[in-house]
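Taking it in order: structure first as structure tokens, then the write-up.
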Amino acid sequence: MDSALSSPSTGPGTGGMYLDGENQTLVKLLVAGPFGVGKTTLIRALSETPPLHTEEVMTKTGAMVDDLAGVRDKTTTTVAIDFGRLTLPGDLVLYLFGTPGQKRFRPLWQDIARGALGALVLADTRRLADSFEVMDIVEEAGLRYAVAVNTFPDAPQYDVDKLREALDLHPETPLVLCDARDRDQSVDALIALVHHVLDNLPEENPNP
Ligand SMILES: Nc1nc2c(ncn2[C@@H]2O[C@H](COP(=O)(O)OP(=O)(O)OP(=O)(O)O)[C@@H](O)[C@H]2O)c(=O)[nH]1
Ligand SMILES: [Mg+2]
């Protein structure tokens, strides 16, 4: 892995970095995944600006549509988007948009995906199949993606090969394990995605 991307230059509360607009490369990425998989947690863990959240307390009515299996202690859900920012060495500024996982938010995707270069799809080994639909939507949107398995302590653990097989991943698609609450692990997951995206950028037409 390119050492220039091995660690972020700033952390939360360190004052952050400000856009001078000159030398920075801005990259829009999505953090996607099913209900309660840890999207908000991951963006909160690594954003260098106070992350924007649109979190709402879940109601009994919502419990009829949001499947609480495996996420029993959850009391809030993201109703629109999460937003955070992370600057990597090399003046690469990542703009992170957490996208709602519930099927009923699918119509939002066209807008959220506009201008995005890739997506980090979160998965939970207790509910791997829930990530399939998200991977489908991401592929439909024409985005490259990496999968980050959020390692909840009470979830079964599998080795990476087994997980790749279960998720039916393309050999080039990165798969990483991370605890979404851990900043370093979450940053590493995003770096894997950034490498994948940058390594596969369409070649510029030399004779436009
Ligand atoms: N133990 C553990 N708990 C986690 C981890 N990641 C998230 N959680 C908890 O799991 C719950 C769900 O996390 P969220 O970040 O709200 O999930 P989300 O994907 O944003 O959920 P929605 O926006 O409702 O789709 C929260 O109570 C988190 O504290 C993890 O890695 N380990
Ligand atoms: Mg959320």
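The values are calculated or read from the model by the stated rules, or taken from the named source; none is laboratory data. These numbers come from a predicted model, not from an experiment. Here the Cβ is made from the backbone with ideal geometry for all residues, glycine too, and neighbour counts use every protein chain on show. SASA here: full protein model, heavy atoms, side chains in, ligands and nucleic acids out. Shrake-Rupley method; radii C 1.70, N 1.55, O 1.52, S 1.80 Å.
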>> Can you tell me which of (1) within 16 Å of ligand 2 (Cβ to nearest atom); (2) at pLDDT 75 or above; (3) in a helix (DSSP H, G or I); (4) over 30 Å from PRO202 (Cα atoms) is the one GLY62 doesn't meet?
In response: (2)
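Determine whether GLN110 is open to solvent by 20 Å² or more (accessible area, probe 1.4 Å), outside any loop (DSSP other than H, G, I, E, B) and among the polar types (S, T, N, Q).
On the way: open to solvent by 20 Å² or more (accessible area, probe 1.4 Å): yes; outside any loop (DSSP other than H, G, I, E, B): yes; among the polar types (S, T, N, Q): yes.
For GLN110, the condition - open to solvent by 20 Å² or more (accessible area, probe 1.4 Å), outside any loop (DSSP other than H, G, I, E, B) and among the polar types (S, T, N, Q) - is met.
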> Regarding LEU96, is this residue in contact (Cβ under 8 Å) with a residue 24 or more places away in the chain, over 24 Å from LEU198 (Cβ atoms) and of a type outside the set (Val, Ile, Thr)?
Replying inline: no
